[in-house]
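Some notes on the structure that comes next.
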Amino acid sequence: GYLPGSDRATTTQESSTLAGVQAACDVLQPGGLCSILCYTGHPGGMEEYQAVKALVAALPPSRWNSSEVRLLNRPDAPALLLLWKRL
C-alpha cells in the first residue's frame with residue numbers, strides 16, 4: 001500500500017512486507033493477534049497480497065489460526081488478514 005495523503009509513487013514492497021510479517025510472527029506471544037491490511041490497488045499490490053496470503057496460509061495450524069476479511073462487492077478494497085497465535 002501507500003501512506004494516505006503522501007506520494008503514491010512510494011509503496012510497500014513484497015520483500016520487506018514479507019520480512020515484516022515474519023518478524024511480527026516471531027515476536028507475537030501465544031494468544032496474541034496480528035492484523036495485516038493488504039492494499040491491492042497499487043502496481044504490484046495484488047502480487048504483494050498474494051505473497052502475504054501464501055505466507056499466512058503456510059503457517060502451521062497447530063500453532064496458528066488465520067482468517068481473511070474482504071468486501072465482496074468492492075474487489076479493489078483492501079483485504080484484512082488476521083493471525084492468532086495459539087496458546
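The values are calculated or read from the model by the stated rules, or taken from the named source; none is laboratory data. Since the structure is predicted, the reported quantities are computational estimates derived from the model, not experimental observations. Using ideal geometry, Cβ is built from the backbone for each residue, glycine included, and neighbour counts are taken over all protein chains shown. Accessible surface areas use protein heavy atoms only, side chains included; no ligands, DNA or RNA. Shrake-Rupley method; radii C 1.70, N 1.55, O 1.52, S 1.80 Å.
Between 0 and 90 degrees, rounded to the nearest ten: what's the tilt of helix 45-57 against the longest Cα principal axis of the chain?
Roughly 0 degrees between the two axes.
Given 10 Å bins starting at zero, what is the percent of C-alpha pairs of the chain in each, up to the one with the largest pair distance?
Calculated P(r), rounded to whole percents: 17, 48, 29, 7, 0.
Take Lys53, Lys85 and sort them by solvent-accessible surface of the protein heavy atoms, 1.4 Å probe, largest at the top.
Details: Lys53 85, Lys85 25 Å².
Solvent-accessible surface, decreasing: Lys53, Lys85.
Tilt of helix 14-27 relative to the longest C-alpha principal axis of the chain, in degrees (0 to 90, nearest 10)?
30
Hey, what D do you get for segment 48-87 in µm²/s if you plug the Kirkwood alpha-carbon radius into Stokes-Einstein at 10 °C and 1.306 mPa s?
Rounded, D is 143 µm²/s.
How much of the accessible area of segment 14-75, in percent, comes from carbon and sulfur atoms when a 1.4 Å probe is used?
Working: 2310 of 3910 Å².
Carbon and sulfur atoms account for 59 percent of the accessible area of segment 14-75.
So what are the ³J(HN,Hα) numbers for segment 71-76, from phi and the Karplus equation (6.51, -1.76, 1.60; θ = phi - 60°), rounded to whole Hz, Gly and Pro as x?
With the stated coefficients, segment 71-76 comes to 8, 5, 9, 9, x, 8 Hz.
Any idea how far apart Ala77 and His42 come out in nm if each label point goes 7 Å out from Cα toward Cβ?
2.1
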